[in-house]
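What follows is a set of notes on a single structure, which appears directly below.
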Amino acid sequence: MGLDTAVLTRTAPLYERVRRVIPAMEWPVFADDVDAILALKRERNAVILAHNYQTPEIFHCVADVVGDSLALARRAVDTEADIIVLAGVHFMAETAKLLNPDKTVLIPDLGAGCSLADSITPEDVRLMRASYPGVPIVTYVNTSAAVKAESDVCCTSGNARRIVEKLGVPRVIMLPDEYLARNIAAETDVEIIAWKGHCEVHERFSPAEVRQLREDHPGVVVLAHPECPPEVVAEADFSGSTALMSDYVAEHRPARVVLLTECSMSDNVAVQHPTVDFVRPCNLCPHMKRITLANIRKALETGQHEVTIDPAVAVAARRAVERMLEL
């Protein structure tokens, strides 16, 4: 009992950050892992990078760097830690390893994959290049290192239009998210050849659902991720990456808002904006939810699971990621 009391006392300031989205009765379930993770990070000189779709007890209580894929990629380069724990999905851990080849990168659960990453192979990319000779291949970061290695440059949902236009060509291939490609195509004069990959979270949103949300919640502001179908984006008030959605809420402070993206994003943004009413259509990513405090703690205790990339693949994949950061 004494130990539990001490842990709860030490973690009380962290609970204050998330008390609006985590009930008080649940915090004791998290507190011991949170306390242990903070100590292990100090002992191992480790940092935790957490994507916006992680749950609040991870995102707000143990993570050192948070954000969308672009933010995590950028900040991964700057860390002086010996160990990076990626609280997100496997392609994100691979990207962190690409940018930090001499550091140990861990992912707490090897099963944390991605429907987009699984939708395309290196062989598919080579086939596309052969089918459209000379057309640059822009690959979304939601892909394996092996797919990135076959590409000319990477992009994220936050910088895709900028990357496409900065290439200075009339036509590009954008892989693998069909809806992201179509949404970007609507914003630019560059012709975009798309693949047929979809995010299993965002593809479930529909225009009818958006209209129903507006009917049920008069005045609600609708923000949609560009991985949503174009018909959904057309019904929204704003479309942007998770970082841009968060920025929109911070800048405009809508009285009521709905984020058409993964469910935990609303919880994490709500922590920072207590006066905003968040409507939550809860589409969960089963892969993101494989990351927990318990397996983050185990990763730090045991060093599992280390992310490695074939050196030949890494060279080419790193070039595509670094070109994105340069652009």
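Inspect the stretch 270-284 for any residue being modelled with pLDDT of 95 or more, assigned to a loop (DSSP other than H, G, I, E, B), of a type outside the set (D, E, K, R) and in contact with a Pro (Cβ under 7 Å, 6 or more places away or on another chain) and give the result as yes or no. Yes, because at least one residue in the stretch 270-284 is modelled with pLDDT of 95 or more, assigned to a loop (DSSP other than H, G, I, E, B), of a type outside the set (D, E, K, R) and in contact with a Pro (Cβ under 7 Å, 6 or more places away or on another chain). All of (1) surrounded by fewer than 17 Cβ atoms within 10 Å (Cβ to Cβ); (2) part of a helix (DSSP H, G or I) hold for residue 101 with one exception: (2).
Within the stretch 270-285, the set of residues being within 20 Å of the chain's Cα centre (by Cα) and touching a residue at least 60 places away in the same chain (Cβ under 8 Å) comprises 270, 271, 281, 283, 284, 285.
Among the residues of the stretch 148-175, the ones that are of a type outside the set (A, V, I, L, M, F, W, C) and under 20 Å from the mean Cα position of the chain (by Cα) come to 7 in all.
In the stretch 57-84, the residue that is farthest from residue 15 (Cα to Cα) out of those that are open to solvent by less than 10 Å² (accessible area, probe 1.4 Å), in contact (Cβ under 8 Å) with a residue 60 or more places away in the chain and assigned to a helix (DSSP H, G or I) is 73. Here 95, 121, 139 are screened, and the one residue that is among the hydroxyl-bearing types (Ser, Thr, Tyr) and closer than 30 Å to residue 57 by Cβ is 95. Screening residue 63 against (1) over 18 Å from the mean Cα position of the chain (by Cα); (2) more than 19 Å from residue 322 (Cα to Cα) leaves a single unmet condition, (1). Considering the stretch 29-56, and only residues there that are free of Cβ contacts under 8 Å to residues at least 40 places away in the same chain and part of a helix (DSSP H, G or I), the residue that is most open to solvent (accessible area, probe 1.4 Å) turns out to be 42. Across the stretch 252-275, the number of residues qualifying as open to solvent by 10 Å² or more (accessible area, probe 1.4 Å) and either within 22 Å of residue 142 (Cα to Cα) or of a type in the set (A, V, I, L, M) (or both) comes to 3. Note on the stretch 189-235: residues that are open to solvent by 60 Å² or more (accessible area, probe 1.4 Å) and not in a helix (DSSP H, G or I) amount to 5.
Find the residue count for the stretch 129-156, including only residues that are of a type outside the set (Val, Ile, Thr) and either open to solvent by 20 Å² or more (accessible area, probe 1.4 Å) or free of Cβ contacts under 8 Å to residues at least 60 places away in the same chain (or both).
Within the stretch 129-156, residues that are of a type outside the set (Val, Ile, Thr) and either open to solvent by 20 Å² or more (accessible area, probe 1.4 Å) or free of Cβ contacts under 8 Å to residues at least 60 places away in the same chain (or both) number 13.
A single entry from 123, 178, 94 fulfils the requirement of being closer than 27 Å to residue 288 by Cα, over 16 Å from the mean Cα position of the chain (by Cα) and open to solvent by less than 30 Å² (accessible area, probe 1.4 Å): 178.
The values are calculated or read from the model by the stated rules, or taken from the named source; none is laboratory data. From a predicted model like this one, the values you see are computed outputs, not experimental measurements. With ideal geometry, Cβ positions are generated from the backbone for all residues, glycine too; neighbour counts draw on all protein chains shown. Surface accessibility is based on the protein's heavy atoms, side chains included, excluding ligands, DNA and RNA. Shrake-Rupley method; radii C 1.70, N 1.55, O 1.52, S 1.80 Å.
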